Structures are given as C-alpha cells and as structure tokens.
Amino acid sequence: MLLLAHMLIGMAAILAIGHQRDGHIPRGRFERAVRWWLGRIPRIAGVRVHARGVPADGPVLVVSNHVSWLDIPVLGGLESVGFLSKAEVRRWPMIGWLAARTGTLFIRRGANMSNAVSEAIAGDLRRGRRVHVFAEATTTDGSDVRRFHPRLLAAAQDTGSPIQPVAIRYLPTPDGRPSPAPYYGDATLLSSVIQVLAEPRLDVEVSFLPVIHPEGRERRELADAAHQAVRAVVVSQAVTDTPERT
C-alpha cells in the first residue's frame with residue numbers, strides 16, 4: 001500500500017510541477033522532486049543502498065550491468081540521470097506514464113533503431129544531462145556481467161562525453177540467502193515486486209568507477225573497457241565477505 005501511495009504521489013508531483021522541463025528533461029524543482037521520489041522507493045521496499053565512489057560531474061554516459069527493476073530507483077536516488085529503457089515499459093500501467101514524463105528515453109528493438117537511439121542519447125548529453133544505459137541490454141541474475149553492446153556507447157564518441165562504469169550488486173540477505181531482487185527470465189514484474197516487499201531487509205551496493213574517455217578509442221574497445229571494470233567488481237566482490245552493513 002505504501003508503494004502504491006508513493007506512485008500516486010509521483011503522478012501528483014508531475015501534474016503539479018512537471019512543466020519545469022527542457023523538452024522532456026526535468027529541470028529545477030521538478031528534477032529534485034524526481035530524484036527524491038525515486039530515492040524513496042528503495043526505502044519503502046526495505047532496501048538499503050550502499051554507494052561507493054561518486055558520480056562524475058557534467059554530462060556523462062553512465063553504463064552498468066542490469067539486475068532488477070529496483071536498479072532505476074536505486075540509481076535515480078543517488079544521481080540526477082536520464083535512463084534508456086525498452087519501449088515495452090512505456091505501455092506499463094502507471095509506471096510507463098511516470099517514466100515518460102520524468103525523461104526516460106525509450107528504445108524499440110531492431111537494428112534500424114540504432115542511429116535514432118544514439119541521436120536521442122547524444123541530444124541529452126549535449127543539453128548537459130547524465131544518461132544511464134544498461135549496456136547488457138537485458139537483466140541477469142547478477143552473478144556475472146554479460147558483454148556490453150558497443151552501439152549503446154556511440155553517443156559518447158559523437159559528443160566526446162566521458163563514460164562512467166557503474167557496478168550494481170544485490171547482497172545476500174541477512175540470513176545468507178541469495179537476494180530475491182534479480183528480475184530476469186520468465187519472472188513477472190508483479191511476482192518480483194511481491195518477493196522484494198516480502199523481505200524485511202535487502203542491501204544493494206552501487207560502485208561508481210573511474211571514467212573512461214572516448215577520444216582515440218574504438219567503440220568495441222570502449223565497451224570492453226567498461227565491461228571489464230564493472231565485471232571486476234561484480235565477480236570479485238561476490239566471492240568475498242559482504243561489507244559491514246549500516
């Protein structure tokens with residue numbers, strides 16, 4: 001009930017101050033409201049967020065692994081950023097409406113869409129916005145990181161914007177079980193939300209890693225460098241003791 005009420009608060013905020021936009025990009029008080037609203041979702045769900053490192057300043061293309069529907073509110077509460085999402089999300093009840101009006105860029109599947117997606121991301125970067133791309137182009141169980149798609153990094157090359165890799169890890173539950181946060185495979189969104197809300201406490205670790213500059217580097221090289229940086233954290237940390245929880 002708290003999560004549903006919070007969704008309704010988000011809709012009311014958009015209707016009240018959603019005019020504070022640069023095109024589709026939230027600005028000013030509306031931008032701050034979006035970040036507050038997203039940051040409250042993990043808290044309502046009992047998720048504690050542990051951040052390592054800091055988001056890079058200025059227009060940056062942020063690339064990360066993708067584990068859960070929680071990734072967006074977790075990241076959105078830590079930084080003001082626009083997201084790239086699959087077009088199907090636009091049709092989700094309530095969530096699609098909220099995503100569209102808070103500046104999400106939607107991507108339709110198909111090779112012919114690559115240029116349009118790159119142009120949309122580049123446009124946001126030129127307006128000074130941080131854009132977050134889940135470079136695996138799918139969700140996983142979080143135990144490893146799939147290859148990053150080079151075409152999703154084209155906008156960084158076109159605009160000369162730095163790339164910041166970010167690693168997302170959902171930690172085991174306090175009693176040692178794997179986190180129920182991963183949303184992948186045949187799982188439905190509703191079943192995943194119910195599993196998350198059923199846990200009294202979950203922990204997620206977000207690591208903001210050193211930026212990669214695109215000048216003089218091939219797109220595949222950039223994708224591999226970002227992938228290696230993220231995978232080094234996800235895989236190496238998975239086999240060590242979890243950090244002290246606060």
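Label separation (Thr173 vs Thr188): 2.1 nm, computed from points 7 Å beyond Cα along the C-beta direction.
Taking the square roots of 5 times each eigenvalue of the Cα gyration tensor of the stretch 108-182, largest first, gives ellipsoid semi-axes of 30, 15, 10 Å. Entry note, the stretch 153-231: relative contact order of 46 percent, from Cα contacts under 8 Å with a spacing of 6+ residues. Applying a length cut-off of 20 Å (Cα extent along the axis) and a mean Kyte-Doolittle floor of 1.6 to the DSSP H helices of the chain leaves 2-17.
By DSSP, the beta bridges lying fully in the chain are antiparallel in about 30 percent of cases. Can you bin every Cα-Cα distance in the stretch 31-70 into 5 Å intervals starting at zero and give me the percent of pairs per bin, rounded to whole numbers? All Cα pairs, binned at 5 Å, distribute as 5, 15, 17, 32, 24, 6, 1 percent.
As a calculated quantity, the FRET efficiency between His213 and Arg108 at R0 = 30 Å, using C-beta atoms, amounts to about 0.50. All other residues whose Cβ lies under 14 angstrom from that of Val196 are scored, Lys and Arg at +1 and Asp and Glu at -1, for a net of +1.
Convex hull volume of the C-alpha atoms in the chain, normalised per residue: 122 Å³.
Computed from the Cβ-Cβ distance with R0 of 22 Å, the FRET efficiency linking Arg201 to Arg52 stands at 0.70. Take the Cβ atoms of Arg91 and Met11, set R0 to 25 Å, and the FRET efficiency comes out at 0.90. Exposure check, 1.4 Å probe, all protein chains in place: Ser179 carries approximately 20 Å² of accessible surface. Within the accessible area of the chain, the carbon and sulfur atoms contribute 55%, probe 1.4 Å, all protein chains present.
Which order do you get for Arg130, Arg146, Arg219 if you rank them by accessible area with a 1.4 Å probe, largest at the top? Intermediate values should be presented prior to the final figure.
Working: Arg130 20, Arg146 135, Arg219 90 Å².
Result of the area sort, largest leading: Arg146, Arg219, Arg130.
Using a simple spin-label model with pseudo-atoms 7 Å out from Cα toward Cβ, Ser143 and Met1 lie 3.9 nm apart. How much net charge surrounds Ala5 when only other residues with a Cβ under 15 Å from its Cβ are counted (Lys, Arg +1; Asp, Glu -1)? Computed value for this residue: +2.
Think of the stretch 13-86 as having a plus end and a minus end, set by charges on the Cβ of Lys, Arg, Asp and Glu; of Leu70, Phe83, Ile25, Leu70 sits farthest toward the positive end of this dipole.
Maximal additional length on extending the Arg127-Glu221 stretch stands at 31.2 nm, based on 0.36 nm per residue less the C-alpha distance.
The values are calculated or read from the model by the stated rules, or taken from the named source; none is laboratory data. Everything numeric here is computed off the predicted structure, so don't read it as measured data. We place every Cβ from the backbone using ideal geometry, glycine too, and count neighbours over all the protein chains shown. To get the accessible areas, we keep the full protein, side chains included, count just its heavy atoms, and leave off ligands, DNA and RNA. Shrake-Rupley method; radii C 1.70, N 1.55, O 1.52, S 1.80 Å.
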